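Enquirer: For reference, the structure I am asking about is given below.
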Amino acid sequence: MTADFDYDVGVIGGGPAGSTLAAYLARAGISTAVFESETFPREHVGESLVPAVIPVMRDIEIIETIEKAGFPRKYGAGWTSADRRPIANLDFSVDSHTLGHAEISYEEREQPGVDRVYAWHVDRGRFDQILLDHARGLGAEVFSGTRVNRVDFTDPARPVLQTKTGDRRDPVRVRMVADASGRQTMLGSQLRVKVPDPVFNQYAVHTWFDGLDRRALATNPRDADFIFVHYLPLVDTWVWQIPITETITSIGVVSQKQRIRAAKDDLSTFFWDSVGSRPELAKALRDAEQLRPLKAEGDYSYAMRQITGDGMVLIGDAARFVDPIFSSGVSVAMNSARLAAKDIIAAHALGDFRRERFDNYADTLRRGTRIWYDFISMYYRLNVLFTSFIHDPAYRIDIIRMLQGDVYDAEEPEALKAMKEYVAAVEADPTHLWHGHLGNLRAESAAALF
Amino acid sequence: MLVESRDSVVKELTRYIQDELLSGDRSAELTTETPLLRWGILNSIDTARLVGFIRERFGVRIPPADIVEKNFRDIGCIADLVASLSGSEATNDR
């Protein structure tokens, strides 16, 4: 007897979310096809990982391959600033060495399921290819250069992927679909469940530099291979510094959309004017060689009204994207794949792929992304709080936990509750000593919509 | 209760601000009335550190809503705040 479907699961997109899910499913003996519109390797933003990817890498047994690939190890994170704005409503300045300088090492906190004290910085071209090849090696079928234009849900028990490879169009029948199409949000757009985030209207303009003196920009030269976030003395604007190889460094400016508009969408003017506000940063960059044209990532943050349905789940960026400040992208991708895989494997055993089979996934991801979202909101709304909490022994470990990406399988961290309490108090009282530090970005509620 | 008297709170606060926030600089004599905010001795990060110190040393948690100008103007104000939050009866008149 021939089955009336081609694969159990059709995965749209072969980035970290799609390949991780395919790896889990293939290992469980579920027939899986991945449709990737591009041919790897291809460039991609989102190069810094957090340790929360490690339990997932161990699950799918890719961690030794990642180790062998020789990506720079990321032992921690640092923040620098040249902030001399008057603080509170009193007109005194702040020492540049006290405000906004902070560093954390991952090894300061033991993390469940994590057997090393570092994550990695990765060239996403190589990293994503390694993951996809791994999924293929485990038995998933991978179609490269094949785009999924839409999914026909006429019979929710037998979705049909409308694929296109060059000029060829092939319908592919499956029992369920996982959308891992990233910021393209294939199903979110098709089903009109995508909602732009009104708060985080951030843009990024980024490129790679060769020969950048990372030590010159680190708070401590020993930690030059940390990820660094350099605050610029411009509202809600910061720069990422991510080691890609021994000599290559990824640099991106993240700011609000209107500032890029004000530069008449001229990326070069915007980029160099922005970094120019930190002269030592601008000089280090000018002394290095820019390797790629500047690239913009726009339409930043969004949520979905639903991330599961009959015969479908949305994972990774296809489910939610907020802001890259804490390097959450690949971690959300791989952990959402882990959580979704668990429900899909159970659904497969029952032969039932209806929406309620994916409730665990939706609930857990909702809890995790809410913590991320709130943490990011607090960060933008009252940055001084973030810095002071890092320096406060009562909260430091909790902050590190969130920076490790350890948010899915636990309750809301105490530090986050305290941050919310602070922000409310600071907002309410103009004589609060931190009132003058309030940022422009203001999230009214932790809007996890799904 | 870790707070014995307002005097000892004043002494501890003065020592902490002198040693930790002013890095041991004793060129300016700190009194209970030295205007910490106006003179820029306490910036926002320092305020956070001081709040942490008070929690560690006296077991007194200062609620976020109390971190306002009138409570941090000088060491006297801060000592009063600590005393009132600790519920100590040792609070002297100023």
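Enquirer: Could you please find all residues in region B:35-51 being facing chain A (nearest Cβ under 10 Å) and not in a loop (DSSP other than H, G, I, E, B)?
Expert: Passing the criteria: B:Ser44, B:Ile45, B:Asp46, B:Thr47, B:Ala48, B:Arg49, B:Val51.
Enquirer: Does any residue of region A:35-45 turn out to be outside any loop (DSSP other than H, G, I, E, B) and touching a residue at least 40 places away in the same chain (Cβ under 8 Å)?
Expert: Applying the first criterion (outside any loop (DSSP other than H, G, I, E, B)) to region A:35-45 yields A:35-36.
Next, from what is left, pick out any that are touching a residue at least 40 places away in the same chain (Cβ under 8 Å): A:35-36.
Yes, because at least one residue in region A:35-45 is outside any loop (DSSP other than H, G, I, E, B) and touching a residue at least 40 places away in the same chain (Cβ under 8 Å).
Enquirer: Might you let me know whether region A:101-115 holds any residue that is of a type in the set (A, V, I, L, M, F, W, C) and touching a Lys or Arg at 6+ places or on another chain (Cβ under 7 Å)?
Expert: At the first step, the residues of region A:101-115 found to be of a type in the set (A, V, I, L, M, F, W, C) are A:102, A:104, A:114.
Now restrict to residues that are touching a Lys or Arg at 6+ places or on another chain (Cβ under 7 Å): none.
Looking for residues that are of a type in the set (A, V, I, L, M, F, W, C) and touching a Lys or Arg at 6+ places or on another chain (Cβ under 7 Å), one finds none in region A:101-115, hence no.
Enquirer: Moving to a separate point now. Being surrounded by 12 or more Cβ atoms within 10 Å (Cβ to Cβ) and assigned to a loop (DSSP other than H, G, I, E, B) is the filter here, so list the residues in region B:21-34 that pass it. Working first, answer last.
Expert: Going residue by residue through region B:21-34, those that are surrounded by 12 or more Cβ atoms within 10 Å (Cβ to Cβ) are B:21-22, B:30, B:32-34.
Residues satisfying the conditions are B:Leu22, B:Leu30, B:Thr32, B:Glu33, B:Thr34.
Enquirer: Could you list, in sequence order, all residues of region B:62-94 that are open to solvent by 30 Å² or more (accessible area, probe 1.4 Å), in a loop (DSSP other than H, G, I, E, B) and at pLDDT 90 or above?
Expert: Residues satisfying the conditions are B:Pro63, B:Arg73.
Enquirer: Let me ask something additional. For the condition over 23 Å from A:Pro293 (Cβ atoms) and over 18 Å from the mean Cα position of the chain (by Cα), what is the one hit in A:Asp225, A:Asp210? Spell out how you get there, then give the answer.
Expert: Working: A:Asp210 fails: over 23 Å from A:Pro293 (Cβ atoms).
Unique residue meeting the criteria: A:Asp225.
Enquirer: Further, regarding this structure: Could you tell me how many of the residues in region A:399-437 are open to solvent by less than 40 Å² (accessible area, probe 1.4 Å), free of Cβ contacts under 8 Å to residues at least 60 places away in the same chain and among the hydrophobic types (A, V, I, L, M, F, W, C)?
Expert: Going through region A:399-437 one residue at a time, the tally reaches 8.
Enquirer: Within region A:266-301, how many residues turn out to be in contact (Cβ under 8 Å) with a residue 12 or more places away in the chain and either among the β-branched types (Val, Ile, Thr) or buried (at least 20 other Cβ atoms within 10 Å of the Cβ) (or both)?
Expert: Let us first name the residues in region A:266-301 that are in contact (Cβ under 8 Å) with a residue 12 or more places away in the chain, namely A:267-268, A:270-271, A:274-275, A:277-278, A:280-281, A:284-285, A:287-301.
From what is left, the residues that are either among the β-branched types (Val, Ile, Thr) or buried (at least 20 other Cβ atoms within 10 Å of the Cβ) (or both) are A:270-271, A:274-275, A:278, A:281, A:284-285, A:300.
Qualifying residue count, region A:266-301: 9.
Enquirer: Right, something else. Filter region A:159-172 for residues that are part of a strand (DSSP E or B) and over 25 Å from A:Ser336 (Cβ atoms) and give the result. Full working, then the answer.
Expert: At the first step, the residues of region A:159-172 found to be part of a strand (DSSP E or B) are A:160-165, A:168-172.
Across region A:159-172, the qualifying residues are A:Lys164, A:Thr165, A:Arg168, A:Arg169, A:Asp170, A:Pro171.
Enquirer: Pick from A:Phe209, A:Phe200: which is assigned to a loop (DSSP other than H, G, I, E, B) and crowded, with 18+ Cβ neighbours inside 10 Å? If you could, list the steps in order and put the result at the bottom.
Expert: Working: A:Phe209 fails: assigned to a loop (DSSP other than H, G, I, E, B).
Only one candidate passes the filter, namely A:Phe200.
Enquirer: Being without any contact (Cβ under 8 Å) to a residue 60 or more places away in the chain and on the phi > 0 side of the Ramachandran plot narrows it down to one of B:Gly52, B:Gly40, B:Gly87, so name that one. Quick ask: steps written out before the conclusion?
Expert: Numbers: B:Gly52 fails: on the phi > 0 side of the Ramachandran plot; B:Gly87 fails: without any contact (Cβ under 8 Å) to a residue 60 or more places away in the chain.
Answer to the selection: B:Gly40.
Enquirer: Related question: Report, by residue number, each residue of region A:48-75 that is open to solvent by 10 Å² or more (accessible area, probe 1.4 Å), charged (D, E, K, R) and under 15 Å from A:Thr245 (Cα atoms).
Expert: Matches in region A:48-75: A:Glu67, A:Lys68, A:Arg73.
Let's see how each residue does on (1) more than 14 Å from chain B (Cβ to nearest Cβ); (2) at pLDDT below 95:
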| residue | (1), (2) |
| --- | --- |
| A:Arg58 | yes, no |
| A:Gly78 | yes, yes |
| A:Ser81 | no, yes |
| A:Arg84 | no, yes |
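Residue-by-condition table, conditions (1) in contact with a helix residue (DSSP H, G or I) (Cβ under 6 Å, 6 or more places away or on another chain); (2) of a type in the set (Gly, Ala, Ser); (3) crowded, with 19+ Cβ neighbours inside 10 Å:
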position: A:Met334; (1), (2), (3): yes, no, yes
position: A:Ala337; (1), (2), (3): yes, yes, yes
position: A:Asp343; (1), (2), (3): yes, no, yes
position: A:Gly351; (1), (2), (3): no, yes, no
position: A:Gly368; (1), (2), (3): no, yes, yes
position: A:Met378; (1), (2), (3): yes, no, yes
position: A:Val384; (1), (2), (3): yes, no, yes
position: A:Ile390; (1), (2), (3): yes, no, yes
position: A:Tyr395; (1), (2), (3): yes, no, yes
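Rundown of residues vs (1) among the basic types (Lys, Arg); (2) in a loop (DSSP other than H, G, I, E, B); (3) in contact with a Pro (Cβ under 8 Å, 6 or more places away or on another chain); (4) at pLDDT 95 or above, yes/no style:
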| site | (1), (2), (3), (4) |
| --- | --- |
| A:Met378 | no, no, no, no |
| A:Val384 | no, no, no, no |
| A:Phe389 | no, no, no, no |
| A:Pro393 | no, yes, no, no |
| A:Arg401 | yes, no, yes, no |
| A:Asp406 | no, yes, yes, no |
| A:Asp409 | no, yes, yes, no |
| A:Glu412 | no, yes, no, no |
| A:Lys420 | yes, no, no, no |
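Enquirer: Is there a residue being at pLDDT below 95, open to solvent by less than 10 Å² (accessible area, probe 1.4 Å) and within 30 Å of A:Ala52 (Cα to Cα) anywhere in region A:257-265? First the steps, then the outcome.
Expert: The first filter runs over region A:257-265 and keeps only residues at pLDDT below 95, leaving A:257-265.
From what is left, the residues that are open to solvent by less than 10 Å² (accessible area, probe 1.4 Å) are A:260.
Among the residues that remain, those that are also within 30 Å of A:Ala52 (Cα to Cα) are: none.
No, there is no match, as no residue in region A:257-265 is at pLDDT below 95, open to solvent by less than 10 Å² (accessible area, probe 1.4 Å) and within 30 Å of A:Ala52 (Cα to Cα).
Enquirer: If you don't mind, there's one more thing I want to ask. Return the residues of region A:212-239 that are touching a helix residue (DSSP H, G or I) at 6+ places or on another chain (Cβ under 8 Å), open to solvent by less than 50 Å² (accessible area, probe 1.4 Å) and either in contact (Cβ under 8 Å) with a residue 60 or more places away in the chain or under 16 Å from A:Lys283 (Cα atoms) (or both); say none if nothing qualifies.
Expert: A:Leu212, A:Leu217, A:Phe228, A:Val229, A:His230, A:Tyr231, A:Leu232, A:Asp236, A:Trp238, A:Val239, listed by residue number.
The values are calculated or read from the model by the stated rules, or taken from the named source; none is laboratory data. All values derive from a computational prediction rather than experimental measurement. Note: ideal-geometry Cβ built from the backbone for every residue, glycine included; neighbour counts use all protein chains shown. Heads up: the accessible areas ignore ligands, DNA and RNA and are worked out on the full protein's heavy atoms, side chains in. Shrake-Rupley method; radii C 1.70, N 1.55, O 1.52, S 1.80 Å.
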